[in-house]
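Report on one structure; see the data block that follows.
Derivation of every value follows stated rules applied to the coordinates shown; laboratory data play no part. Every value quoted in this text rests on a predicted model; they were computed, and no experiment measured them. Ideal geometry is used to build each Cβ from the backbone, glycine not excepted, and the neighbour counts take in all protein chains shown.
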Amino acid sequence: MSFNLQNIVRQHILSLAPYSSARDEYTGKEGIFLDANENPLGSVTPEDWNRYPDPYQLEIKDKIAPIKGCRPSQIFLGNGSDEPIDLIIRLTCEPKEDNVIILPPTYGMYEVSANVNNIEIQKIPLTTDYQLNTEKIIASINPKTKLIFICSPNNPTGNLIDREAIIQIIENFQQGIVIIDEAYNDFSDEPSFVPALDKFQNVMVLQTFSKAWGLASLRLGMAFGNEELIKLLNKIKYPYNINGLTQRALLENISNIDFMKDSVKILNQNREVLISELEKLQIVTKIFPSDANFLLIKFTEAKKIFDYLISQKVIVRDRSKVILCDDSLRISVGSEEENHILLHLLKQYK
């Protein structure tokens, strides 16, 4: 069975006429703009934000493409990665008919978006060492399965998913799309799947500027896929989904790759120091391997330690109720000073 996107997309969307914005009809930057009912007198702010931004973020995509090893036409930009997660479900899944596969423990928005869209969810838990149960995943695929979500490095566990296992899923799921969420890929040595998109037509890769690039507040996520898929995502997105301030900030600073690389180097070093110090604590029973900027840590009394840290204004995530994460907290790698405070508090815990 060969991959055919036309058979995967909801049929009414293929014939859907998208909204045509003013900036679709004229893409130039010079002229007297009397087409979009904007305020010609300027903005309430000191800077002029009175004109609508580029709906397709073409300048940004031109700059992202060589960094990521792809073509601009293979890039979709969203309001965080959550927007393309929601859009890919809406693009492919008929409510109450189709289903998606998620692999817990994993990022919670896959399930939330599927539930919002009234899509059935098949949950195939990871193995005890947080890897894919490939045989069970493949066996669970049925004619109504449209999407499989794989997070690598995985959240909340922090580990890379075996690349050959991912490829095995890709090769055995030509009837749908495999979404590979690489939000934390910058912190690992694992090659991204983005440069392999021409080989794997049934793959969509998610990345973000929120982590290593330090732009969480600007909310800019990336989805990469074949050109036909990206065109369809652009067809159903809101017209101006990336605001002008975000676009300008990225255009002016995306060349500062050294900051991103230095951040990755420092945070990875801080992670290793944090691991070595945590291993000395009796309240820590296990530290799971991580290729991300966080650690999943099993404690003797996870909930009590979580509450204790909260009382000291140190905020971590309690993952102890998540499948396969009993008695575990997820702790982001902080600055050297933040990690020192965290360790000091944990040493004082009794």
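Inter-label distance, E97 to D54: 3.7 nm, where each label sits 7 Å from its Cα along the C-beta direction. If you take all other residues with their beta carbon under 15 Å from the beta carbon of I297, and give Lys and Arg +1 and Asp and Glu -1, the sum is +3. Note on the chain: dipole from Cβ charges, positive end direction compared against N268, F149, T208; the farthest Cα belongs to F149.
A cut-off under 15 angstrom between Cβ atoms defines the neighbours of N133, and their net charge, with Lys, Arg +1 and Asp, Glu -1, is -2. Each of V264, V194 has some number of other Cβ atoms within 10 Å of its Cβ, and from fewest to most they run V264, V194. Considering only alpha-carbon pairs that sit under 8 angstrom and 6 or more positions apart, the relative contact order computed for the chain is 18 percent. Starting from the Cα of K347, draw a straight line to each of the aspartates and glutamates and keep only those under 12 Å, dropping any in the same chain fewer than 8 residues away. The reachable aspartates and glutamates, counting only those whose Cα sits under 12 Å from K347, are E277, E279. In a simple Cβ point-charge model (Lys, Arg +1; Asp, Glu -1; nothing else charged), the range 107-172 has a dipole of about 200 debye relative to its Cα centre. Computed from the alpha carbon positions, the gyration tensor of the range 1-46 leads to an equivalent ellipsoid with semi-axes of 39, 12, 11 Å, biggest first. For the chain, modelled as a Gaussian network with Cα springs under 10 Å, which listed residue fluctuates most, G80, G214, G28? Comparing G80, G214, G28 in the GNM, the peak value goes to G28.
GNM on the chain, alpha-carbon springs under 10 angstrom: the most fluctuating residue among S255, S81, S113 is S255.
Spatially close Lys pairs in the range 229-304, defined by Cα atoms under 28 Å apart and a spacing of eight or more places or different chains, total 9.
Just so you know, the averaged projected area of the alpha carbon convex hull for the range 1-139 sits at 13.5 nm².
Checking understanding here: applying a Kyte-Doolittle mean of at least -1.0 and a length along the axis of at least 27 Å (C-alpha), which whole DSSP H helices in the chain pass?
Numbers: long enough: 257-278 (31 Å, -0.02).
The qualifying helices are 257-278.
If you add up the charges near E94, with Lys and Arg at +1 and Asp and Glu at -1, over every other residue whose beta carbon is less than 15 angstrom from its beta carbon, what do you get? Net charge around E94: +2. Think of it as helices only: each DSSP H run of n ≥ 4 in the chain is worth -39500 (n - 2.57), and spread over all residues that comes to -10000 deg cm²/dmol at 222 nm. Residues in the range 175-186 carry Karplus couplings, in order, of 7, x, 10, 9, 9, 9, 8, 10, 4, 10, 4, 4 Hz; the curve used is 6.51 cos²θ - 1.76 cosθ + 1.60 with θ = phi - 60°, and Gly or Pro positions show x.
Over 31 Å between Cα atoms, which of K96/K136; K136/K321; K123/K350 qualify? Over 31 Å apart, Cα to Cα: K123/K350. Name the most mobile residue of F193, F306, F224, meaning the one with the largest mean-square fluctuation, in a Gaussian network model of the chain with Cα contacts below 10 Å. Ranking F193, F306, F224 by mean-square fluctuation puts F306 first.
Taking the fewest neighbouring Cβ atoms within 10 Å as the starting point, the ordered list for K286, K298, K211 is K286, K298, K211. Dimensions of the range 69-127 based on its C-alpha atoms, expressed as ranges along the principal axes with the largest first, amount to 34, 29, 17 Å.
Once divided by 2.2 N^0.38 Å, the Cα radius of gyration of the range 258-348 becomes 1.05. The distance from the alpha carbon centre of the range 1-67 to that of the range 313-350 is 42 Å, rounded to a whole number. Along the Cα-to-Cβ line of K63, 7 Å from the Cα, sits a label point; which residues in the range 173-191 have backbone N less than 20 Å from it? Answer for the range 173-191: 186.
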